[in-house]
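The values are calculated or read from the model by the stated rules, or taken from the named source; none is laboratory data. Note that the structure is a prediction, hence the values are computed from the model and not measured. Cβ sites come from the backbone with ideal geometry, for glycine too, and all protein chains shown count toward neighbours. When the accessible area is computed, the model is the full protein with side chains, heavy atoms only, and any ligands, DNA or RNA have been set aside. Shrake-Rupley method; radii C 1.70, N 1.55, O 1.52, S 1.80 Å.
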Amino acid sequence: MSVKDRISELRNKLREEVEKITDSSLATNFRNKYLSKKSELSSISSELASLPPDERKESGALLNEVRNEVEELYNAKLDEITLKELNERLKAEAIDFSVPGRDSTVGALNPFYIVENEIIDIFTKMGYEVVEGPEVETEDNNFTLLNIPSDHPARDMQDTFFLREDGLLLRTQTSSMQVRTMAEKAGAPFKIICPGKTYRRDDDDATHSHQFAQVEGLLVDHDISMAHLKGTLELFLKSMFGEKREIRMTPSYFPFTEPSVEVAVSCFNCNGKGCSMCKGTGYIEVLGAGMVHPHVLEMNGYDPKEYSGFAFGIGIERIAMLRYGIDDIRRLYTNDVRFLHQFTKQVK
Ligand code: PHE
């Protein structure tokens, strides 16, 4: 068969083959097989050199014609397939923007933590350092070094979970951190708050829990007076319950502070007029505080002639209950989602 005939035959074959291309992988196969350097077109082309000049010219021209035709056919086919495949993909991946969105559920902080975070926020802005300490404590740290010796009736004020005969116990108050902090600061001035869990042998009811939480505050420095304590707590309570609140201090008793005070805030429900929330008194008791007892300073390495300080203890649950009108302390621990969901919008 002459070279020209072979070229013509190849042309017919390629015209048929190109029609069989129906997707992009067949197109790639076609290109590799029929348009590459290893194709029949190429091998015929390399044979041309050995032909007599006339035949070489004619066959060469024909070969070029066929190559151009097949390349054109192939390119047209490729365009057609690419468009077809793109359309199929667009259809398959189409997004219907009119479909209503699905709500995602947003987690919520338990109001306990909302309040704890807020207390920490308020005091850190005032420059307080946040410290934490162990819930299992020694009798010394929880009682003795806080001016509550073993025969002191004040020990009965706080029914204690003892863990061991030697007096290891679950701390009944975060005040144990007063002792630890004074030991750590070793005579230097400081101001700290300590949020944490505390335990007492209480029967659980709407306002009592055997496990609850406090934020202890302690400031020790030169020339600290009751006015500093009052200013600090006023700022705290106004941040917590609103600018209009007024605070009231009444004498109280804690073994480790002298004088000791019970601090109340004007009722945010009735603005001090008297309602069921404040039991008609216009004020709600919120925390205990006082000036650090000189003996406590002395026992913990601070000279009371040089140093003075104040301390306060805030019950986190009590603040959270007042703040959100929660009627039962147990709601803060039982994690009923219907309860927790009410605070979703409070997440900051
Ligand atoms: N620790 C006391 C209590 O639990 C509260 C308190 C702390 C009072 C600091 C005065 C100063 O009742």
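Side notes on the structure shown:
- The condition (being at pLDDT below 95 and hydrophobic (A, V, I, L, M, F, W, C)) is satisfied by just one residue among L229, L163, L218: L163.
- Contact map, region 136-160: first residue at positive phi, second residue open to solvent by less than 60 Å² (accessible area, probe 1.4 Å) and among the acidic types (D, E), Cβ cut-off under 6 Å, separation 6 or more or different chains; the map is empty.
- Whichever residue in region 161-184 is within 12 Å of the ligand (Cβ to nearest atom) and outside any helix (DSSP H, G or I) and, among such residues, is surrounded by the fewest Cβ atoms within 10 Å (Cβ to Cβ): T172
- Residue count for region 189-223, restricted to those that are of a type in the set (V, I, T), surrounded by 15 or more Cβ atoms within 10 Å (Cβ to Cβ) and more than 14 Å from the ligand (Cβ to nearest atom): 0
- Test: residue in region 106-117 that is more than 30 Å from I326 (Cβ to Cβ) and open to solvent by less than 90 Å² (accessible area, probe 1.4 Å): no
- Qualifying residue in region 60-76 (condition: modelled with pLDDT under 95, over 13 Å from R11 (Cβ atoms) and open to solvent by 90 Å² or more (accessible area, probe 1.4 Å)): no
- Test: S252 is more than 33 Å from the chain's Cα centre (by Cα), among the small types (G, A, S) and open to solvent by less than 80 Å² (accessible area, probe 1.4 Å): yes
- Candidate set from region 185-207 (those that are outside any strand (DSSP E or B) and farther than 21 Å from D327 by Cα); member that is farthest from the chain's Cα centre (by Cα): G187
- Taken over region 122-142, residues that are assigned to a loop (DSSP other than H, G, I, E, B), within 19 Å of Y199 (Cα to Cα) and either open to solvent by 30 Å² or more (accessible area, probe 1.4 Å) or modelled with pLDDT under 95 (or both) amount to 4.
- Unique match (being within 16 Å of the ligand (Cβ to nearest atom) and farther than 19 Å from G217 by Cα) among I314, I329, I284, I319: I329
Here's the yes/no breakdown for (1) surrounded by fewer than 17 Cβ atoms within 10 Å (Cβ to Cβ); (2) aliphatic (A, V, I, L, M); (3) within 16 Å of R318 (Cα to Cα); (4) at pLDDT 95 or above:
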{"site": "F256", "(1), (2), (3), (4)": "no, no, no, yes"}
{"site": "P259", "(1), (2), (3), (4)": "yes, no, no, yes"}
{"site": "S266", "(1), (2), (3), (4)": "no, no, yes, no"}
{"site": "N269", "(1), (2), (3), (4)": "yes, no, yes, no"}
{"site": "G274", "(1), (2), (3), (4)": "yes, no, no, no"}
{"site": "C278", "(1), (2), (3), (4)": "no, no, yes, no"}
{"site": "G282", "(1), (2), (3), (4)": "no, no, no, no"}
{"site": "G288", "(1), (2), (3), (4)": "no, no, yes, yes"}
{"site": "V292", "(1), (2), (3), (4)": "no, yes, no, yes"}
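- Residue that is under 22 Å from S260 (Cβ atoms), β-branched (V, I, T) and in a helix (DSSP H, G or I), where the choices are I81, I119: I119
- Selected residue [in a helix (DSSP H, G or I), among the basic types (K, R), on the phi < 0 side of the Ramachandran plot and surrounded by fewer than 16 Cβ atoms within 10 Å (Cβ to Cβ)] from K37, K13: K13
- So R338, is it closer than 26 Å to Q173 by Cβ, under 35 Å from the mean Cα position of the chain (by Cα), away from the ligand (no atom under 14 Å from the Cβ) and open to solvent by 20 Å² or more (accessible area, probe 1.4 Å): no
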